[in-house]
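Q: One structure, as structure tokens, below. Some questions next.
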Protein chains: 2
Amino acid sequence: MPERVAVVGFGVTRFAARHPNATYFELAFDAVKGALGDAGLTTKDVDAAVYGVYNDLFERQFMQDVLIHDYLGLYGKPGVRVTTGGSTGGYAFREAYLTVASGLHDVVLCVGAEKCADCFDYVVGKPTPEVVKAIAYSADMTYEFPSGMYAASSYALLARAHMDKYGTTEEQAAKVSVKNHKNAILNPIAQSPMELTVEEVMKSRMIAYPFKMLDCCLYTEGAAALILATEKKAKRITDTPIWVKGIGAANDKAFTGFRSTTDKMGKYGDIADLRSHYAAAEAAYKMAGITDPIHQLDLAEIHDAFSFTELQAYEAMRFCPPGGAGKFIDDGIPERAGTLPCTVSGGLIGCGHAVGATGIMQTGEVVMQLREEAGKKQVPVKKGNGLVHSIGGPGSCYCTVAVLGRDKEKGRK
Amino acid sequence: MPERVAVVGFGVTRFAARHPNATYFELAFDAVKGALGDAGLTTKDVDAAVYGVYNDLFERQFMQDVLIHDYLGLYGKPGVRVTTGGSTGGYAFREAYLTVASGLHDVVLCVGAEKCADCFDYVVGKPTPEVVKAIAYSADMTYEFPSGMYAASSYALLARAHMDKYGTTEEQAAKVSVKNHKNAILNPIAQSPMELTVEEVMKSRMIAYPFKMLDCCLYTEGAAALILATEKKAKRITDTPIWVKGIGAANDKAFTGFRSTTDKMGKYGDIADLRSHYAAAEAAYKMAGITDPIHQLDLAEIHDAFSFTELQAYEAMRFCPPGGAGKFIDDGIPERAGTLPCTVSGGLIGCGHAVGATGIMQTGEVVMQLREEAGKKQVPVKKGNGLVHSIGGPGSCYCTVAVLGRDKEKGRK
């Protein structure tokens, strides 16, 4: 069995459309400073680092990680970059977990940062052609992109399949958008805090049926950092360690199965059900001893790149049966005041999607909630467990799920 | 202490200037097929995967890893991409090690692959402008590239500093090139097997003083794969497990220290001595219990992106004292028949540099040597230990070092 690993510090910058006066390494520095301050540590205490940076083209820089490492003054220590599309933050957290659980390093920094300044032409106020490439290259360039598949259109197909199979409606998805935009109002880092109605979401501009503008998250600039530590170190650092009780990850491509060397298409079944999400949750739950998520979790941060994706995640996370997501939101269960508040940070729809930073920000949200230090966003914590879900890739090919939990016996700060 | 982790399988494709008839996922598949065959396993036995793919622009594809994962049929299992410049293979191996050592997964596949087909215009027979970008973006685009610093020129500065400080000569570096091109003659996968003289290296075209054409490695296409396993699994899989006895990693930027938030420049000292290499070796040696490398190692695979870099690595790996690398090669110690054969695969100079695959290929070389299954390349194995050194980034900012060892008591196949 792996060693126990705790999260002992969290820091995050504002998630904003632009941070025109900060470079990516300055954003990362701010997040790290916050995390180290939260843990009461300095860079001297950090044994190794994991960087989640997704997009090379945004900053025209392939090695942002080592430049951040340098800027932080972590020279002579290991630092590795992880990149797995939208789940970059989720996988970076998993790698940081593995680094501590392995016994090789005691205190590990996990930093996600994303900027797209160089992809934005400030003179004309528009993205440059480089951002178009950045998005194209994020699809499967061999088959999918030439067929018109990119982030929104591929997720839209998954949503469409869910509508067909289960009768899920656009209005039900719109409720996720309303909820997450509203949750963001309480989050000081959020880019898109808004009071909306289902009608307003429904009337927003069509992007890729059934996704309207307000069903989609926005590209965002920002950084987030976490400090992970061994049990021994964690207990010295904080009275409120938040334990990584379970961690699961699974990759899968819903499309282009015909290319697989195995009999995949037949096995995939139905793209309405996101198989990698089910597999990642199953692994995390097994490790954490979660058998009844709705009664064992206080909250869940879902990767809501699109409103429909959050619906599909409810099912894969086993919050409700397959096909039950529409009723789940109709019943108000994932609302702030519901039985299982989902995405109380505001998520990607409310905060924005600072790709490499997103999963780390959402993990930090669960950490702060379990510590009951989430400020105005705080939801009741009774069971002591929270879940973080992170996905990436066109057709939702990457998925990571982490279950975090606090000590039951411990008093909180 | 981490759990014991063994390498139980290795596969590699030919390293070639072009593989015009294979995609990157086909190359990866071939290497994985070799590694699985070597271990007597199938993809069903693989619990998780780590992908080392460096360059997004080469294939205009940001998520090559998940497309390889799909092609291999590893759906529903974790797969993460690691990218750290030239050391991508070295860091991917470290992440695979951590994944097993953590206790989370028993059998982990580590795959490196690199293609640059889309960066090559077959009609005019020249690289496209995209390859120029790919190289530019590999430098620090903020400060270094605009100052004329890219891979060759930044390593050339380090070499120049070594010449100044220690009196190392271009002829001594040329001997590394002669040795590694010659070693490649015995390696069936090598791109550049050649009998050369020091004079021929000296007369080759100047690239960035003191580097001539034949001091530099070439961009290459190819793939390599390793299978890592827990002690329990390894003993069931093979009679010749090769243990990961030590693993160290350290990052550092020799240049742009002025940007660091700490007092770096003063601390760096002299760029003639590659501090990250010293730190990575120290960590690996400490873990492996290596106190006298030259008498405890049978061989070392050095990341010879440039001939001078191998010289500098001899010192950082403590094969000789600082400044002793010139004499070390003059004395013939790193030759095939010398006391400590270095880079018997032919290395990057002899085999080519298939970026993400390189460190994995070189790790595999040490594995096969320790198993005494290296064919014509085989060197004598008496002590049972070998070292792999992997670096990346302009100014040699990333470094990983692994010490591998075989069971002393076990018979070999």
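Rule-based calculations on the coordinates, nothing more; no lab input. What you are looking at is a predicted structure, and each value in this text was computed from that prediction instead of being measured. Here Cβ is always computed from backbone atoms with ideal geometry, including for glycine, and neighbour counts include all displayed protein chains.
Q: Filter the GluC sites (Glu not before Pro) in the range B:1-60 to those in DSSP coil with at most 16 other Cβ atoms within 10 Å of their Cβ, and list the result.
A: Values: sites: B:Glu3, B:Glu26, B:Glu59; in loops: B:Glu3, B:Glu59.
The qualifying sites are B:Glu3.
Q: In debye, nearest 20, what is the charge dipole magnitude of chain A about its Cα centre with +1 on Lys and Arg Cβ and -1 on Asp and Glu Cβ, if you could check?
A: It works out to roughly 680 debye.
Q: FRET efficiency for B:Arg205 and A:Tyr143, Cβ-Cβ distance as r, R0 = 45 Å, nearest 0.05?
A: Details: r = 41 Å, r/R0 = 0.91.
The value I calculate is 0.65.
Q: Taking N as the number of residues in the range B:309-413, what value does Rg over Cα atoms divided by 2.2 N^0.38 Å take? Write down the numbers at each step before the final one.
A: Values: Rg = 14.1 Å, N = 105, 2.2 N^0.38 = 12.9 Å.
Here the Cα radius of gyration is 1.09 times the empirical estimate.
Q: Between the range B:174-253 and the range A:1-70, what is the C-alpha centre distance in whole Å?
A: Between the Cα centre of the range B:174-253 and that of the range A:1-70, the gap is 33 Å.
Q: Could you work out the local net charge near A:Lys233, counting Lys and Arg as +1, Asp and Glu as -1, over the other residues with Cβ closer than 12 Å to its Cβ?
A: Surrounding charge for A:Lys233 is -1.
Q: Next up: Please list, or write none, the lysines whose alpha carbon is within less than 20 Å of the alpha carbon of A:Lys232, excluding same-chain residues fewer than 8 places away.
A: In chain and number order, the partners are A:Lys44, A:Lys245, A:Lys408, A:Lys410, A:Lys413.
Q: Which ³J(HN,Hα) values, rounded to whole Hz and listed in residue order, are derived for the range A:336-341 from phi using the Karplus coefficients 6.51, -1.76 and 1.60 in 6.51 cos²θ - 1.76 cosθ + 1.60 with θ = phi - 60°, glycine and proline given as x?
A: Computed from phi, the couplings for the range A:336-341 are 3, 8, x, 5, 9, x Hz.
Q: Sort shortest first the distances from A:Lys408 to its counterpart in every other copy, using label points 7 Å along the Cα-to-beta-carbon line, and give them in nm.
A: List, nearest first: 4.9 nm.
Q: Something else: Compute a Gaussian network model of chain A, connecting alpha carbons closer than 10 Å, and tell me which residue from A:Met287, A:Met206, A:Met163 fluctuates the most.
A: Largest GNM mean-square fluctuation: A:Met206.
Q: What list of ³J(HN,Hα) values in whole Hz, one per residue of the range B:391-401 in order, does the Karplus curve 6.51 cos²θ - 1.76 cosθ + 1.60 (θ = phi - 60°) give from phi, with Gly and Pro shown as x?
A: 9, x, x, x, x, 6, 7, 9, 8, 10, 9
Q: In a GNM of chain B with a 10 Å cut-off on Cα contacts, which of B:Ser102, B:Ser192, B:Ser177 has the highest mean-square fluctuation?
A: Ranking B:Ser102, B:Ser192, B:Ser177 by mean-square fluctuation puts B:Ser102 first.
Q: Another one. Suppose you put the label 7 Å out from Cα in the Cβ direction; list, shortest first and in nm with one decimal, how far A:Pro322 is from each other copy's label.
A: 6.4
Q: Let me ask you something else. Counting just the Cα atoms, what span does chain A cover along each of its three principal axes? Round to the nearest Å and put the largest first.
A: 53, 50, 47
Q: Given A:Leu41, A:Val131, A:Ala225, which one lies farthest toward the positive end of the charge dipole of chain A, if we put +1 on the Cβ of every Lys and Arg and -1 on the Cβ of every Asp and Glu?
A: A:Leu41
Q: Within a Cβ distance under 12 Å of A:Pro78, other residues only, what is the Lys/Arg minus Asp/Glu net charge? Write out the running numbers ahead of the final one.
A: Values: positive: A:Lys77, A:Arg81, B:Arg94; negative: A:Asp47, A:Asp65, A:Glu95, B:Glu95, B:Asp252.
After counting each charged neighbour, the total is -2.
Q: With the cut-off at 1.5 for a/c, could you classify the range A:46-92 from its C-alpha gyration tensor as rounded, prolate or oblate?
A: Values: a/c = 3.11, a/b = 1.38, b/c = 2.24.
In terms of gyration-tensor shape, oblate.
Q: So for the range B:15-73, what percent of the C-alpha to C-alpha distances run longer than 14 Å? Show your work: numbers first, answer last.
A: Working: 1024 of 1711 pairs.
Of all Cα-Cα pairs in the range B:15-73, 60 percent lie more than 14 Å apart.
Q: Residue-wise, which Karplus ³J(HN,Hα) couplings in Hz belong to the range B:110-116, taking 6.51 cos²θ - 1.76 cosθ + 1.60, θ = phi - 60°, and x for glycine or proline?
A: Rounded to whole hertz, the list is 10, 10, x, 8, 8, 9, 9.
Q: Counting only other chains, and only Cβ atoms inside 10 Å, what mean value do you get across the residues of B:140-147?
A: Values: counts 6, 8, 7, 1, 1, 2, 0, 0.
For this peptide, the per-residue mean of nearby foreign Cβ atoms is 3.
Q: With a 10 Å cut-off between alpha carbons and a GNM built on chain B, which of B:Thr42, B:Thr343, B:Thr99 moves the most?
A: Highest fluctuation among the options: B:Thr42.
Q: What is the percent of Cα-Cα separations in the protein assembly as shown that go past 38 Å? Can you show the working numbers first?
A: On the way: 121127 of 340725 pairs.
Percent of Cα pairs beyond 38 Å in the protein assembly as shown: 36.
Q: How big is the dipole moment of the protein assembly as shown about its Cα centre under a simple scheme where the beta carbon of each Lys and Arg is +1, that of each Asp and Glu is -1, and everything else is neutral? Debye, nearest 20, please.
A: 1260
Q: Under 5 Å between amide hydrogens, which residues at least 5 positions from B:Val50 or on another chain qualify, with H placed 1.01 Å from N in the peptide plane?
A: Residues meeting the amide H criterion: B:Val80, B:Leu109, B:Cys110, B:Val111.
Q: Using +1 at the Cβ of each Lys and Arg and -1 at the Cβ of each Asp and Glu in chain A, identify which of A:Leu214, A:Phe29, A:Ile242 lies farthest towards the dipole's positive end.
A: Value: A:Ile242.
Q: Something else now. Output, in nm with one decimal and in ascending order, the distances from the B:Val198 label point to the matching label points of the other copies (7 Å from Cα along Cα-to-Cβ).
A: 8.3
Q: Out of all DSSP beta bridges with both ends in chain A, state the antiparallel percent to the nearest 5.
A: Around 75 percent of the beta bridges assigned by DSSP in chain A are antiparallel ones.
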